[in-house]
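Written out below as structure tokens is the structure these notes cover.
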């Protein structure tokens, strides 16, 4: 099984491409009762490959992360078995309260999800600055990646049949 698992794993560059193309990540924090608390999140990937999210400072996910920064994050695509691709990123989240960082993440989200023209990023960051104090940026610090591409499995089977 381990050999088969390795044969369908995504390469580091394939994981990066998957993350950059994905629209949502399911972020799983540990709830106050110890039960996993999964939530879909918008996110951006910076030039260095770091995943960033943004949320309200008073949100349950921030309370969860303040208590226990350990997380799992899931990105997946595909509707049919042979199309299934994904990555589970395990690690921790660093909560960042730096206003400039929060504004940068917010502007990146607006470009990715709302179609903001990149030429307007500076003005959006300036306009958002007053609201950023009530937000937190979430920096995903990845310590382990488990990934899969079932298309690779199908390709190997097809080549040997």
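Since every read-out is calculated from the coordinates, none of them should be taken as a lab result. Bear in mind the structure is a predicted one, so any value in this text is a computation, not a measurement. Cβ sites come from the backbone with ideal geometry, for glycine too, and all protein chains shown count toward neighbours.
Please work out how much length the chain gains when fully extended from residue 68 to residue 81, using 0.36 nm per residue of separation minus the C-alpha to C-alpha distance, in nm with one decimal. Let's see the in-between values first.
Numbers: separation 13, 0.36 × 13 = 4.68 nm, distance 3.43 nm.
My answer for the length gained is 1.2 nm.
Length gain on complete extension for the stretch residue 47 to residue 98, per 0.36 nm per residue less the alpha carbon to alpha carbon distance? Taking residue 47 through residue 98 to full extension adds about 16.5 nm, to one decimal. Between residue 129 and residue 7, what is the FRET efficiency for a Förster distance of 30 Å, r being their Cβ-Cβ separation, to the nearest 0.05? So the FRET efficiency works out to roughly 0.05.
Compared with the dominant principal axis of the Cα atoms in the chain, helix 121-132 is inclined by about 70°.
Between residue 114 and residue 143, how high is the FRET efficiency from 1/(1 + (r/R0)^6) when r is the Cβ-Cβ distance and R₀ = 25 Å? Nearest 0.05. For residue 114 and residue 143, the calculated efficiency is 0.20. Label positions at residue 59 and residue 26, each projected 7 Å from the Cα along the C-beta direction, are separated by 1.7 nm.
Given axes a ≥ b ≥ c from the Cα gyration tensor, I'd like to know whether region 2-145 is rounded (a/c under 1.5), prolate (a/b larger than b/c) or oblate. Oblate, since a/c reaches 1.5 and b/c is not below a/b. With contacts taken as Cα pairs under 8 Å and at least 6 residues apart, region 2-145 reaches a relative contact order of 26 percent. With neighbour counts taken as other beta-carbon atoms within 10 Å, the residues 120, 150 rank, fewest first, as 120, 150.
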